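K.L.:
Supplied in structure tokens, the structure appears directly below.
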Amino acid sequence: MTEADGLSRRRLINWLLSLGSGSLLGVLLYPIVRYVTPADQPEAAVGTAVVGQLRDFPLDSGKVVRFGERPAIVVRLAGGELRAFSAVCTHLGCTVQYRKDLELLWCPCHNGRFDLTGRNVAGPPPRPLEALEVAVRGDQVVVSRRA
Amino acid sequence: MSVARTVGRWLDDRLRVGAARDFLAHKLVPVEHSIWYYFGGASLFLFGVQVATGVLLLLYYRPAPDSAFESVRFIMAHVRFGWLVRSLHAWAANLMIAAVFTHLFSVFFLKAYRPPREVTWLTGCGLLGLTLAFGFSGYLLPWNQLAFFATKVGTDIMGEVPGVGPVLRFVLRGGENVGGATLTRFFGFHVALLPLATTLLLLVHLALVQLHGMSERLGDSARTARHMPFYPHFVLREVLVWLAVLAVLIVLATFFPWELGQKADPFASAPSGIRPEWYFTFMSQSFKYVPPRLFGLEGEQVAILGFGAVFGLLVLVPFLDRRAARGEPSPLVTAGGVLLLGFMVVMTLLAYFKPY
């Protein structure tokens with residue numbers, strides 16, 4: 001047996017060892033990575049939610065309500081008109097509030113401002129708030145996703 | 001032969017205590033050192049306080065959305081000395097982060113990262129990251145309103161990191177939203193993963209400090225600097241500093257007990273004047289000034305890349321600062337550090353005195 005044979009045998013064994021230990025590592029890591037990644041739970045796509053009675057929404061005020069797993073904000077303008085938006089700020093996800101003094105939707109986390117059509121008008125938010133449908137059925141205020 | 005000596009020799013034969021004793025007897029530190037040399041030790045001491053108080057809190061804390069807040073309230077209201085243990089843990093966390101930042105900037109301005117201590121610096125940067133991760137994950141555990149939104153924003157910021165962001169946010173939160181899954185995850189990180197990682201990295205960091213000894217001032221060398229024995233001269237000074245830190249900690253924890261706030265409500269507006277813990281406010285405040293779009297990217301992505309670049313420069317400074325490596329002053333690096341520190345201080349002050 002020549003020296004070259006010995007070297008190539010050593011290389012083959014090294015290669016097999018690397019392959020084996022690499023595979024072992026992969027086999028051990030894969031379930032861990034999968035375990036740590038949360039399972040996709042398709043959010044129960046809430047289409048419509050009853051959020052309260054009309055008297056819960058006084059004139060010129062805003063109220064954060066539960067819309068599925070996320071907060072929504074229902075604003076009642078001074079004139080009586082109801083508007084609803086997703087309350088999740090498009091910047092970094094804080095929950096916005098109605099500011100009577102500014103007549104705006106305002107996020108206190110980074111001073112983002114949206115007008116009463118949901119448009120981002122000042123501060124860092126990059127997109128408007130998602131607009132939702134709002135309707136009054138009998139005495140109940142109903143919020144639903146736009147088609 | 002006395003019993004003590006017999007036992008001593010028996011132990012020495014088996015544990016080689018003599019080697020450690022010799023090392024300690026010969027270890028020297030520079031005479032010319034200042035208060036800034038003590039903040040690494042103070043950080044270590046506060047880490048010890050955190051381990052001790054953290055273990056005690058574990059006996060009563062419950063990591064679930066419908067019981068976390070109540071369990072912390074129970075600790076503070078009903079457990080004997082519970083108020084003290086919880087307040088110590090919260091205050092020591094803040095003091096530890098202050099000590100770690102002071103240690104970082106001391107080492108930076110003293111240029112103690114210069115060869116051969118580059119790896120010590122790198123492990124130190126790792127420990128800074130772990131300390132901040134401790135602060136971020138621990139902040140959520142009482143499940144109060146401020147913590148809830150801080151976690152929302154913090155994980156959303158990580159979600160904006162180009163590429164891995166969305167996956168990172170999903171994994172950290174344990175789902176799309178911040179909720180019960182996030183709380184159990186953060187609890188696991190805070191009490192198991194981070195302590196393990198910190199202990200390992202800390203051992204390397206401390207071993208390297210022993211290996212290289214304490215850094216001499218720029219321009220001095222091991223030969224030209226005057227030295228004094230580590231034991232007992234330096235150790236006694238260190239003990240004095242630790243006792244002072246303990247005194248400050250106990251006064252703060254007793255007379256300014258850490259508040260619990262209001263229980264988190266995912267369906268309430270973020271409260272006005274909300275800000276994260278003080279050590280993150282400089283970042284949070286900067287986000288307020290960034291326009292929605294910048295250089296064709298979303299504004300906050302630019303801000304994140306900017307902070308990432310600055311942190312990258314900071315980590316790599318031992319390799320960039322060639323002048324300090326040669327033992328010469330490097331005013332440019334010092335100026336960069338002053339600029340960074342100034343930016344952090346100004347943004348933090350703005351967050352407290354002129355938030356909007």
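The values are calculated or read from the model by the stated rules, or taken from the named source; none is laboratory data. Because the structure is a prediction, the values reported are computed rather than measured. Note that each Cβ is placed from the backbone with ideal geometry, even for glycine, and that neighbours are counted across all protein chains shown.
K.L.:
Of all residues in the stretch B:178-229 being in contact (Cβ under 8 Å) with a residue 60 or more places away in the chain and of a type in the set (D, E, K, R), which is nearest to B:Arg117 (Cα to Cα)?
P.N.:
Within the stretch B:178-229, the match that is nearest to B:Arg117 (Cα to Cα) is B:Glu216.
K.L.:
May I pose another question? Inside the stretch A:75-104, can you point out the residues that are within 10 Å of chain B (Cβ to nearest Cβ) and buried (at least 19 other Cβ atoms within 10 Å of the Cβ)?
P.N.:
Let us first name the residues in the stretch A:75-104 that are within 10 Å of chain B (Cβ to nearest Cβ), namely A:87-99.
If the condition is that a residue be within 10 Å of chain B (Cβ to nearest Cβ) and buried (at least 19 other Cβ atoms within 10 Å of the Cβ), then A:Ala87, A:Val88, A:Cys89, A:Thr90, A:His91, A:Leu92, A:Gly93, A:Cys94, A:Thr95, A:Val96, A:Gln97, A:Tyr98 are the ones that fit.
K.L.:
Are any residues in the stretch A:104-121 farther than 12 Å from A:Ala87 by Cβ, under 19 Å from the mean Cα position of the chain (by Cα) and of a type in the set (A, V, I, L, M), and if so, which ones?
P.N.:
Scanning the stretch A:104-121 gives no hits.
K.L.:
If you go through the stretch B:71-97 one residue at a time, how many are out of contact with any Ser or Thr (no Cβ under 6 Å at 6 or more places or on another chain) and free of Cβ contacts under 8 Å to residues at least 40 places away in the same chain?
P.N.:
Adding up the residues that qualify gives 9.
K.L.:
If B:Phe256 satisfies every condition in (1) of a type in the set (A, V, I, L, M, F, W, C); (2) surrounded by 14 or more Cβ atoms within 10 Å (Cβ to Cβ); (3) more than 18 Å from B:Phe39 (Cβ to Cβ) but one, which is the exception?
P.N.:
Looking at each condition in turn, B:Phe256 falls short on (2).
K.L.:
Filter the stretch B:63-90 down to residues that are surrounded by 17 or more Cβ atoms within 10 Å (Cβ to Cβ) and in a loop (DSSP other than H, G, I, E, B), then give me how many there are. Give the steps one after another, and end with the answer.
P.N.:
Our first condition is that a residue be surrounded by 17 or more Cβ atoms within 10 Å (Cβ to Cβ); within the stretch B:63-90, this holds for B:63, B:65, B:68-69, B:71-72, B:75-76, B:79, B:82-90.
When the remaining residues are screened for being in a loop (DSSP other than H, G, I, E, B), the result is B:63, B:65, B:79.
Qualifying residue count for the region: 3.
K.L.:
Output the number of the condition that B:Tyr356 fails; it satisfies all remaining conditions of (1) part of a helix (DSSP H, G or I); (2) of a type in the set (Phe, Trp, Tyr); (3) under 27 Å from B:Ile274 (Cα atoms).
P.N.:
Every condition holds for B:Tyr356 apart from (1).
K.L.:
Is it the case that the stretch B:92-112 has a residue that's assigned to a helix (DSSP H, G or I) and within 14 Å of chain A (Cβ to nearest Cβ)?
P.N.:
First, pick out the residues of the stretch B:92-112 that are assigned to a helix (DSSP H, G or I): B:92-109.
Still in the list and also within 14 Å of chain A (Cβ to nearest Cβ): none.
Scanning the stretch B:92-112 turns up no residue that is assigned to a helix (DSSP H, G or I) and within 14 Å of chain A (Cβ to nearest Cβ).
K.L.:
Could you tell me which numbered condition B:Val171 fails, if it satisfies all but one of (1) over 22 Å from B:Ser67 (Cα atoms); (2) within 14 Å of chain A (Cβ to nearest Cβ); (3) touching a residue at least 60 places away in the same chain (Cβ under 8 Å)?
P.N.:
Answer for B:Val171: the failing condition is (3).
K.L.:
Can you go through B:Val241, B:Val245, B:Val251, B:Val235 and tell me which one is over 22 Å from B:Arg86 (Cα atoms) and modelled with pLDDT of 95 or more? Walk me through it before giving the result.
P.N.:
Numbers: B:Val245 fails: over 22 Å from B:Arg86 (Cα atoms); B:Val251 fails: over 22 Å from B:Arg86 (Cα atoms); B:Val235 fails: modelled with pLDDT of 95 or more.
Testing whether each residue is over 22 Å from B:Arg86 (Cα atoms) and modelled with pLDDT of 95 or more leaves just B:Val241.
K.L.:
For the stretch B:258-317, give me the residue count where each residue is more than 13 Å from every other protein chain (Cβ to nearest Cβ) and among the basic types (Lys, Arg).
P.N.:
To start, the set of residues in the stretch B:258-317 that are more than 13 Å from every other protein chain (Cβ to nearest Cβ) comprises B:258-263, B:277-279, B:282, B:295, B:305-317.
Remaining after also requiring among the basic types (Lys, Arg): B:263.
Adding up the residues that qualify gives 1.
K.L.:
One residue is enough: does the stretch A:67-86 have a residue meeting the conditions closer than 14 Å to A:Asn120 by Cα and either in a strand (DSSP E or B) or of a type outside the set (A, V, I, L, M) (or both)? Break it down stepwise before answering.
P.N.:
Of all residues in the stretch A:67-86, those closer than 14 Å to A:Asn120 by Cα come to A:85-86.
Those left that are additionally either in a strand (DSSP E or B) or of a type outside the set (A, V, I, L, M) (or both): A:85-86.
Checked against the condition, which is being closer than 14 Å to A:Asn120 by Cα and either in a strand (DSSP E or B) or of a type outside the set (A, V, I, L, M) (or both), the stretch A:67-86 yields at least one hit.
Each row is one residue, and each column tells you yes or no for (1) in contact (Cβ under 8 Å) with a residue 40 or more places away in the chain; (2) among the β-branched types (Val, Ile, Thr).
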residue	(1), (2)
B:Ser269	no, no
B:Phe295	no, no
B:Glu300	yes, no
B:Ala303	no, no
B:Leu316	no, no
B:Arg326	no, no
B:Ser330	yes, no
B:Val333	yes, yes
B:Gly336	no, no
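K.L.:
Any residue that is surrounded by fewer than 14 Cβ atoms within 10 Å (Cβ to Cβ), touching a Gly at 6+ places or on another chain (Cβ under 6 Å), at pLDDT below 95 and under 30 Å from A:Val64 (Cβ atoms) - is there at least one of those in the stretch B:271-285?
P.N.:
no
K.L.:
Where the second residue is of a type in the set (Ser, Thr, Tyr) and surrounded by fewer than 18 Cβ atoms within 10 Å (Cβ to Cβ) and the first is more than 12 Å from chain B (Cβ to nearest Cβ) and lies in the stretch A:48-74, which pairs have Cβ atoms under 7 Å and are six or more apart or on separate chains?
P.N.:
Note: pairs meeting the criteria are A:Thr48/A:Ser144.
K.L.:
With the requirement that a residue be surrounded by 14 or more Cβ atoms within 10 Å (Cβ to Cβ) and under 24 Å from A:Arg113 (Cβ atoms), what does the stretch B:290-306 give you? First the steps, then the outcome.
P.N.:
Taking the stretch B:290-306 and keeping what is surrounded by 14 or more Cβ atoms within 10 Å (Cβ to Cβ), we get B:290, B:292, B:294, B:297-305.
Result: B:Val290, B:Pro292, B:Leu294, B:Leu297, B:Glu298, B:Gly299, B:Glu300, B:Gln301, B:Val302, B:Ala303, B:Ile304.
K.L.:
Taking the stretch B:32-61, which residues are touching a Phe, Trp or Tyr at 6+ places or on another chain (Cβ under 9 Å), part of a loop (DSSP other than H, G, I, E, B) and either modelled with pLDDT of 95 or more or of a type in the set (Asp, Glu) (or both)?
P.N.:
B:Tyr60, B:Tyr61
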